[in-house]
Each structure stands twice: as structure tokens, then as C-alpha cells.
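The values are calculated or read from the model by the stated rules, or taken from the named source; none is laboratory data. Computed from a prediction, not measured in an experiment: that's the story for all the values here. Note that each Cβ is placed from the backbone with ideal geometry, even for glycine, and that neighbours are counted across all protein chains shown.
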Amino acid sequence: MGVQVDTISPGDGRTFPMCSQTCMKSDSSRDRNKPFKFMLGKQEVIRGWEEVAQMSVGQKAKLTVSPDYAYGATGHPGIIPPHATLIFDVELLKLE
């Protein structure tokens, strides 16, 4: 399956991330009041999160990530079981 991106609310429709840009996104990091940052295309995150490249700044979306784009057959022991499909509510806050 890969990643399914379901828009909750649209972004600006003009500003999309490019490879090597730092993306600042909000997910459960909202609970910590600190957005999560990662550099696109540098394999700093699971493959599924790289799909924020489809999103524009300000967009809120639900990402449904299949196991092959997440933690696969191994999972993340003690946290994420093997073959888990993951669902994230994210907002692309800004690019650096």
C-alpha cells in the first residue's frame, strides 16, 4: 500500500517541501508542545513520513502507513509490533 494521505484541512497549496529541506511537523509532539523536525530525503525517519513531500505548508492530514513504509516485519520491539500499519495525524507547520 505505501502511504495514504487523507487531507483534513488544506495548506497554502503553494509551498511544498523539497529534498534536503528540514520539515517541521506536528503529531503527538503537539502533546509535548514541541514540533518534530526532520530533513527530507536523509533517511532520518520512517519511509512513510517522507510522504509529507506531498503536503503543503499548513496542511493537516491523516497518514496511513503500511508496514513496508514503517517498521516492517521487525517492528520496534516493545513499542510497535511486527507488520503494524501506523496512522498519524500530522500538520506541516513550516520548512527551513
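Taking each residue of region 50-70 that is under 10 Å from residue 92 (Cβ atoms) and looking for partners that are of a type in the set (A, V, I, L, M, F, W, C) and modelled with pLDDT of 95 or more with beta-carbon atoms closer than 8 Å, six or more apart or interchain, yields 60/8; 61/8.
Anything in region 1-48 that is modelled with pLDDT under 80 and not in a loop (DSSP other than H, G, I, E, B)? List them, or say none. Within region 1-48, 23, 24, 25, 26, 28, 29, 30, 31, 32 qualify. Within region 49-96, the set of residues being β-branched (Val, Ile, Thr) and in a strand (DSSP E or B) comprises 64, 65, 80, 87, 90. Selection of first residues in region 1-17 that are touching a residue at least 60 places away in the same chain (Cβ under 8 Å) and of second residues that are outside any strand (DSSP E or B) and of a type in the set (Asp, Glu), restricted to Cβ pairs under 6 Å at least 6 apart or on distinct chains, gives the following pairs, ordered by first then second residue: 3/51. Against the test of being more than 15 Å from the chain's Cα centre (by Cα) and β-branched (Val, Ile, Thr), the options 64, 74 yield a single qualifying residue, 74. When region 71-84 is filtered for residues that are surrounded by 11 or more Cβ atoms within 10 Å (Cβ to Cβ) and either in contact (Cβ under 8 Å) with a residue 60 or more places away in the chain or on the phi > 0 side of the Ramachandran plot (or both), the ones remaining, listed by number, are 72, 75, 83.
Restricting attention to region 68-75, does a residue exist that is over 14 Å from residue 5 (Cα atoms) and among the charged types (D, E, K, R)? The answer is yes; a qualifying residue exists.
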